[in-house]
Amino acid sequence: MIELRNLTKSYITPKGRHYVFKNLSAILPENKSVALLGKNGAGKSTLLRIIGGIDYADEGEVITNKTISWPVALSGGFQGSLTARQNIRFVARLYVSNEDEVEYVVNFVEEFAEIGKYFDMPMKSYSSGMRSRIGFGLSMAFNFDYYLLDEAGAVGDASFRKKSQALLDDLKQNSNIIMVSHNVKDLLRNCDVAFLVRDGKAEYFDNMQDAIEVYQEYVK
């Protein structure tokens, strides 16, 4: 279970303080994969980053005893002057305890990402799609209780998306997903319940079809 307790997040703008959400509270149920729905700018990705510990709320807290990935779409944290192999090895050493496990992670991502010789070239030479492949593969190389996916289904061509979905299907046997996506098919396939983020609050739905219908009516 993940509890979001009284989260407030705001940004300073030229026109004053803008609140993304204020005193938002929600309980993400145990053993359920969760969709975060909402209009652009509603705070879905911000909420995902706060859950993953990449961003911080002004007030409130995220309470859980579960392990949580970073948002899979977050590929901006790589050092551009280093190769994918070097970046992955650096991250792997933060999460695993010996060099055999480090090499497993490196080999997993290299095989999964399918970028060939670019794997050993500086990442500043990569396209955004190549960086996303590396980011997706790196997140999936570790065991987490929750994987955070931000439009991750849009990565790569049809063949790569099919392979990515097969990996998600396998991971969901023992883990759960928190997903932000505009692709309704991805949401229905991967998620069990949903929260509609609007007006700074999170409305819970225990039926995905109901959630999608309300969301689609809301964004018309």
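The values are calculated or read from the model by the stated rules, or taken from the named source; none is laboratory data. Every value quoted in this text rests on a predicted model; they were computed, and no experiment measured them. Quick reminder, even Gly has a Cβ in these numbers, built from the backbone with ideal geometry, and neighbours come from all protein chains shown.
Of the listed requirements (1) of a type in the set (A, V, I, L, M, F, W, C); (2) modelled with pLDDT under 95; (3) more than 30 Å from TYR204 (Cβ to Cβ), PHE108 misses just one: (2). Figure legend. Inter-residue proximity from segment 128-140: first residues within 23 Å of THR67 (Cβ to Cβ) and without any contact (Cβ under 8 Å) to a residue 12 or more places away in the chain, second residues crowded, with 22+ Cβ neighbours inside 10 Å and of a type in the set (A, V, I, L, M, F, W, C), beta-carbon distance below 9 Å, spacing 6+ or different chains. No pairs are indicated. Sort out which residues of segment 113-128 are surrounded by 15 or more Cβ atoms within 10 Å (Cβ to Cβ) and in a helix (DSSP H, G or I), and write them in order of number. Answer for segment 113-128, where residues must be surrounded by 15 or more Cβ atoms within 10 Å (Cβ to Cβ) and in a helix (DSSP H, G or I): ALA113, TYR118, PHE119, MET123. Being more than 21 Å from ALA42 (Cα to Cα) and among the β-branched types (Val, Ile, Thr) is a condition met by at least one residue of segment 145-163. Note on segment 122-151: residues that are under 10 Å from the mean Cα position of the chain (by Cα) and of a type in the set (Ser, Thr, Tyr) total 3.
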